[in-house]
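Structure, as structure tokens:
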Amino acid sequence: MTENAAPLPPPPEPGAVAEIRPGLRWARMPLPFPPHHVNLWLLEDGAGWLAVDAGARTDESVGLWSRILEEGLEGRPITRLLATHFHPDHVGFAGWLCERTGASLLMPRAEYLMSRFLCLDTDEGMTAQQLDFARMMGGGEDYLAFLAARGPLYARAVMPLPRQYRRIAQDDRIAVGGREWRVMTGGGHAPEMAALHCESLGVLIAADQVLPRISPYVGVGATEPEADPLRDFLESNARLRALPAETLVLPSHGEPFFGLHERIDALAAHHAERLGTLEAACATPLTAFEAAGVLFPRVREHRPMGFALGETLAHLNRLVGEGRAVREAGDVPRYRRTKNAGE
């Protein structure tokens with residue numbers, strides 16, 4: 001682990017790259033929404049490079065990527081693009097990058113299909129589904145009007161992916177530049193998000209599974225309202241905890257860090273605290289919208305409300321899954337703490 005004792009560089013400016021370790025470079029792209037940046041990783045691969053994620057589809061993306069391709073990679077092309085998951089800040093510009101460079105796309109199947117599905121689902125049915133979901137959670141007419149006016153977002157934020165890709169899955173080994181990277185998929189934040197671990201380097205490219213300062217978004221969506229993504233998230237993190245404690249973690253947001261085990265433990269404690277808070281509040285049956293006011297009392301604007309509702313429902317569904325709450329049937333279900341739950 002001598003290499004991991006080497007100092008880490010400061011974040012690179014957009015359009016520039018920084019060397020993390022020999023053959024491993026860091027790029028950072030701006031985002032028009034919090035947390036306002038996404039980290040991308042470039043792995044030297046013989047005569048070319050493997051890129052991990054492509055960033056968002058923004059007005060700046062073409063110029064910034066063109067600068068990286070022309071100045072940051074020593075004249076060698078990107079030959080493979082590995083997309084960790086389907087979210088727009090990670091694959092929004094993947095279609096452009098693959099077309100520009102001729103790079104092949106590697107991606108978990110569930111993530112690839114989710115992106116392709118959402119890019120095609122642009123009709124009124126998608127908006128109607130979102131409205132029904134919001135009503136089920138107890139959303140008011142003003143919030144419903146906001147959703148109706150906004151319409152589907154994904155297809156506007158993501159360039160279509162290539163029609164062909166190479167599937168990657170749990171425990172696949174990917175050879176890059178003479179080193180082996182193990183695929184470790186996780187759920188909760190996305191259905192099958194890929195992280196990459198290189199034992200010889202002592203490095204984990206963690207995607208959004210483990211972030212240094214903020215808790216990754218773990219939410220329920222309209223297509224699967226009774227899903228339990230928080231269970232998936234916590235179980236996925238428990239598997240990552242089997243990696244060495246001294247692993248260098250390269251997150252998609254924030255700066256590279258050490259302390260993988262401590263951060264996983266902190267995230268588990270955070271969600272345990274949130275579950276306890278919500279369980280206590282459900283002594284009086286609450287709709288998901290009312291429960292969101294408990295977990296996110298500062299969220300009042302419509303735009304961030306969708307994230308607050310999705311994450312609240314994830315915690316409510318986890319309480320139901322653990323037998324600590326019940327979902328009372330109705331057009332607008334309410335969640336009630338079970339009688340034997342602790343105070």
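Tabulated results
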quantity	calculated
Sequence of Ser104, Ser200, Ser61 once ranked by neighbouring C-beta atoms within 10 Å, starting from the fewest	Ser200, Ser104, Ser61
Neighbour-count order for Leu240, Leu309, Leu31, fewest beta carbons within 10 angstrom listed first	Leu31, Leu240, Leu309
Structure-derived P(r) over Cα pairs in 20 Å bins from 0, in percent: which label, when the choices are (i) 30, 55, 15, 0; (ii) 31, 58, 11, 0; (iii) 33, 60, 6	(i)
Angstrom value of the Kirkwood radius, inverse mean 1/r, which spans all Cα pairs in the stretch 1-122	14.9 Å
Degrees between helix 141-150 axis and first principal axis of the chain (Cα, 0 to 90, nearest 10)	30 degrees
The chain - charge dipole about Cα centre, Lys and Arg +1 at Cβ, Asp and Glu -1, debye rounded to 20	220 debye
Under the Karplus curve 6.51 cos²θ - 1.76 cosθ + 1.60, θ = phi - 60°, whole-Hz ³J(HN,Hα) for the stretch 290-301, x wherever Gly or Pro sits	5, 5, 4, x, 6, 7, 10, x, 8, 7, 10, 6
At most 12 other Cβ within 10 Å, DSSP loop - trypsin sites (Lys or Arg not before Pro), the stretch 238-305	Arg298, Arg300
Antiparallel %, DSSP beta bridges [both residues in the chain], to 5	70 percent
Relative compactness, the stretch 213-288, computed as alpha-carbon Rg over 2.2 N^0.38 Å	1.31
Residue of Thr223, Thr58, Thr84 that the Gaussian network model of the chain assigns the largest fluctuation, springs spanning Cα pairs under 10 Å	Thr223
Pair Ala128, His270: separation of 7 Å Cα→Cβ label points (nm)	3.8 nm
Tilt relative to the chain, helix 109-120 - C-alpha long axis, 0 to 90 degrees, to 10	70 degrees
Helix 229-240 axis, angle to the chain major axis (alpha carbon atoms, nearest 10°)	40 degrees
Ranking of Ile68, Ile214 by count of other Cβ atoms within 10 Å, fewest first	Ile214, Ile68
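FYI, it's all coordinate maths here, none of it is from the lab. Here the structure is a predicted model, which means the values were calculated and not measured. So basically every Cβ, Gly included, is an ideal-geometry build from the backbone, and we count neighbours across all protein chains shown.
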